[in-house]
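Read the structure below first, then the notes.
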Amino acid sequence: MITPSIAELTQGKFNRYTLVIATAKCAKMITDEYVMQREVAERRIANKETDKSIASMIRKEYRDDKAVKTAVNGLNNKDFVITGLTDGDEEASPIDQSDAEE
């Protein structure tokens, strides 16, 4: 059994597609953050600013877990929040109506 379940993650507010897109975006942000932290750590080691290892300078959850797993856990723990349209909304336009009229 996969935990958390899709029902727990969506809480009846979003469909599976929205959940997949949100998870992918969160995983991309996590991967980008990992890459940035690693570059900073490598630069500090190259400049002999520290004697720590690269692994000790990168956040544990970014370093040890897969990005998708971290993203799902973040969505479950409310570290990441899905915003936008819910299943009950009729219009699925990505453009805000106030912006479209201007």
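The values are calculated or read from the model by the stated rules, or taken from the named source; none is laboratory data. For clarity, every value in this text was computed on a predicted model and none was experimentally measured. In this analysis, Cβ positions are derived from the backbone assuming ideal geometry, glycine residues included, and neighbour counts consider all displayed protein chains. Note: accessible area is taken over every heavy atom of the protein model, side chains too, but ligands, DNA and RNA are not part of it. Shrake-Rupley method; radii C 1.70, N 1.55, O 1.52, S 1.80 Å.
Looking only at the stretch 32-47, how many residues end up being open to solvent by 70 Å² or more (accessible area, probe 1.4 Å) and in contact with a helix residue (DSSP H, G or I) (Cβ under 8 Å, 6 or more places away or on another chain)?
Residues in the stretch 32-47 being open to solvent by 70 Å² or more (accessible area, probe 1.4 Å) and in contact with a helix residue (DSSP H, G or I) (Cβ under 8 Å, 6 or more places away or on another chain): 1 in total.
Suppose we keep only residues that are polar (S, T, N, Q) and in contact (Cβ under 8 Å) with a residue 24 or more places away in the chain within the stretch 26-56. Which one would you say is nearest to LYS78 (Cα to Cα)?
Restricting attention to the stretch 26-56, the residues satisfying the condition of being polar (S, T, N, Q) are 31, 37, 47, 50, 53, 56.
Filter again for in contact (Cβ under 8 Å) with a residue 24 or more places away in the chain, leaving 31, 37.
Details: THR31: 19, GLN37: 23 Å.
That would be THR31.
Given the structure, is ALA27 open to solvent by 60 Å² or more (accessible area, probe 1.4 Å), at negative phi and of a type outside the set (Asp, Glu)?
Spelling it out, it is not the case that ALA27 is open to solvent by 60 Å² or more (accessible area, probe 1.4 Å), at negative phi and of a type outside the set (Asp, Glu).
Quick check on my filter: what residues within the stretch 64-98 are at pLDDT 90 or above, more than 13 Å from ALA27 (Cβ to Cβ) and not in a loop (DSSP other than H, G, I, E, B)?
Across the stretch 64-98, the qualifying residues are ASP64, ASN76.
From THR23, THR10, THR3, THR18, which residue is touching a residue at least 60 places away in the same chain (Cβ under 8 Å) and β-branched (Val, Ile, Thr)?
THR18
Within the stretch 35-49, identify whether any single residue is of a type in the set (D, E, K, R), part of a helix (DSSP H, G or I) and within 15 Å of the chain's Cα centre (by Cα), and answer yes or no.
no
Of the residues that sit in the stretch 6-24 and are within 17 Å of the chain's Cα centre (by Cα) and among the small types (Gly, Ala, Ser), which one is surrounded by the fewest Cβ atoms within 10 Å (Cβ to Cβ)?
Filtering first and then ranking leaves ALA24.
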